[in-house]
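Read-outs: derived from the displayed coordinates by stated rules, not from any lab. Because the structure is predicted, anything quoted here is derived from the model rather than measured. As a convention, Cβ positions derive from the backbone with ideal geometry for all residues, glycine included, and neighbour counts pool all protein chains shown.
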Amino acid sequence: MDKQQTEFTVEQATSPVSAQDREAMLANPGFGKYLTDHMVTISYSAEKGWHDAKIGPRHDLQMNPSTMVLHYAGEIFEGMKTYRHPDGGAGLFRPEANARRFNNSAARLAMAQIPEDLFVNSVRELARIDRDWIPSEGEGSLYMRPFMIGTEVAIGNHPSDAFLYAVIASPVGSYFKGGVSGVSVWVSEEYTRAAPGGTGAAKCGGNYAAALAAQAEAAKHGCEQVVFLDAVERRWIEELAGMNVFFVFDDGTIQTPPLTGTILPGITRDSLIRLARDKGMTVREEPYGIDQWRADIESGRLVEVFACGTAAVVAPISQLKGKDFDLTIGDGGMGPVTADLRKTLTDIQFGRSNDPHGWVDRLF
Ligand SMILES: *Cc1c(COP(=O)(O)O)cnc(C)c1O
């Protein structure tokens, strides 16, 4: 990684969204509906390494129709948020963990590695230049979306020798329409998300494309999300299409499926495990079967279930539905353990409490 440019050229947007329009968007941002005024782009080629690092006005991308990403799905991404703090400043949450995971995803898809400090600085600089887009009320935040595509112009199938890395940002409110009320999940017996040796641990667009039919199956059965079983035994709970899952038992212990290579290693997942252990709770990273899940709901041993990820933070799962069962977990709302962990995590992210693990990266 000797040939690389890490200084950004900065070009201010000449026709940014007016303050009035921006405030209207921030008042009701939805999720991913609006983009900020600027974006980051950095190019990579085999000869030049990383070059042309720019922060400039957000613009459309133009591509030759044979560009590799359009045919072979060479695309990876990350998701992280900039949180407004009570003193008016702002911070990212564990951005170096996203940088590391981005490079792990890149390695799995035979894409170029990006220096971690270049990745982190690109996200920081975009959040700073678009700071007026960081919501200052409630649970809103600025969602940062770094991504990389293979840009070699060639129909032949081989690893791309050129890449475009970019970061865009979008002000967001609550991920689920119902806020933090319970989510219903459908257990897919038809589809799996990831097989051993596959790309389940990589954050790539292809995994999401492959989950959409399962997501549609869930919607057809009146569920908001799909929960996937392992591809070999079709028995062990893995995760939702874009969120990890935790189980809370009546003895106060917590369990989440282990990172076996078919599950995306969530930074929210990792943070919650640490915070739960800080509180003295027992957290097991052990497989949990669908039969056991059903039996534990019926016996009352399982008291809370929640999904977690950067976008939705922590969302209770209140209903488990499958081909021949339909079970309600708890009272359909957010249980006390879920609520407590959610509050502990979001208080750190929003700078409302101290930061015992040094996870917050203050931007200004
Ligand atoms: C991004 C993602 C998650 C959550 O990861 P976080 O780092 O917590 O945002 C979980 N599962 C999948 C499949 C994901 O893509």
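Quickly rank 19-30, 47-58, 127-138 as a protection proxy: mean count of other C-beta atoms within 10 Å, highest first.
Listed from highest to lowest mean packing, they are 127-138, 47-58, 19-30.
Listing I155, I317, I76 from the residue with the fewest other Cβ atoms within 10 Å to the one with the most, what is the order?
Arranged by neighbour count, lowest to highest, I155, I317, I76 become I155, I317, I76.
Taking the square root of 5 times each eigenvalue of the Cα gyration tensor, what semi-axes in Å does the equivalent ellipsoid of segment 135-268 have, largest first?
28, 23, 15
Would you give the gap between the C-alpha center of segment 313-338 and the C-alpha center of segment 85-157, rounded to a whole Å?
That distance is 32 Å.
Determine the dipole magnitude for segment 183-349: charges of +1 sit on the beta-carbon of Lys and Arg, -1 on that of Asp and Glu, nothing else is charged, the reference point is the Cα centre, and the result goes in debye to the nearest 20.
The calculated dipole for segment 183-349 is roughly 420 debye.
Excluding same-chain residues fewer than 8 positions from K343, which lysines have a Cα within less than 22 Å of its Cα?
Partners found: K81, K177, K279.
In the Gaussian network model of the chain, springs joining C-alpha atoms below 10 Å, which of Q62, Q113, Q349 carries the largest mean-square fluctuation?
Q62
Once amide H atoms are built 1.01 Å from N in the peptide plane, which residues 5 or more positions from G30, or in another chain, come under 5 Å H to H?
Here the answer is G173, since their amide H atoms fall under 5 Å of that of G30.
Short version: ³J(HN,Hα) in whole Hz for each residue of segment 305-315, in order, from phi by Karplus 6.51 cos²θ - 1.76 cosθ + 1.60 (θ = phi - 60°), x for Gly and Pro, what are they?
9, 9, 9, 8, x, 4, 5, 8, 6, 9, 10
What spacing in nm lies between the two simple spin-label points modelled at D132 and T282, each 7 Å away from Cα in the Cβ direction?
Between D132 and T282, the simple spin-label model gives 5.5 nm.
Through the Karplus equation 6.51 cos²θ - 1.76 cosθ + 1.60, θ set to phi - 60°, convert the phi angles of segment 55-71 into ³J(HN,Hα) values in whole Hz; use x for Gly and Pro.
10, x, x, 5, 9, 6, 9, 10, 9, 5, x, 9, 3, 4, 4, 6, 10
Each residue of segment 350-363 in turn: what ³J(HN,Hα) in whole Hz from Karplus with 6.51, -1.76, 1.60 and θ = phi - 60°, glycine and Pro shown as x?
Once rounded to whole Hz, the list reads 8, x, 8, 9, 6, 10, x, 9, x, 8, 8, 10, 5, 9.
Using 0.36 nm times the number of residues separating T328 and F249, minus their current alpha carbon distance, what extension gain do you get?
Extra length available between T328 and F249 comes to 26.9 nm.
Counting only residues 5 or more places away or on other chains, whose amide H sits under 5 Å from the amide H of V227 once H atoms are built in the peptide plane?
Here W186, V187, S188 satisfy the definition.
Among F249, N354, P29, which residue has its Cα positioned farthest towards the positive end of the charge dipole of the chain, with +1 placed on the Cβ of Lys and Arg, -1 on the Cβ of Asp and Glu, and the dipole taken about the Cα centre?
Toward the positive end, the furthest listed residue is N354.
Taking only the alpha carbons of segment 282-354, what extent do you get along each of the three principal axes, in Å, biggest first?
Sorted largest first, the three principal extents are 45, 24, 21 Å.
Rounded if a/c is under 1.5, else prolate if a/b beats b/c, else oblate: with a ≥ b ≥ c from the C-alpha gyration tensor eigenvalues square-rooted, which is segment 9-172?
Since a/c reaches 1.5 and a/b is larger than b/c, the shape of segment 9-172 is classed as prolate.
In nm, give the distance between the simple-model label positions of E96 and N64, each being 7 Å from the Cα along the Cα-to-Cβ direction.
The answer from the label model is 3.9 nm.
Just round it to a whole percent: the fraction of Cα-Cα distances in segment 65-143 exceeding 19 Å.
When all Cα pairs of segment 65-143 are counted, 47 percent exceed 19 Å.
Binning at 20 angstrom from zero up to the longest distance, how are the C-alpha pair distances of the chain distributed in percent?
28, 58, 14, 0
When each pair of different Cα atoms in segment 183-349 is counted once in the 1/r mean, what is the Kirkwood radius in angstroms, to one decimal?
It is 15.9 Å.
Among V17, Y72, F93, which residue has its Cα positioned farthest towards the positive end of the charge dipole of segment 9-172, with +1 placed on the Cβ of Lys and Arg, -1 on the Cβ of Asp and Glu, and the dipole taken about the Cα centre?
F93
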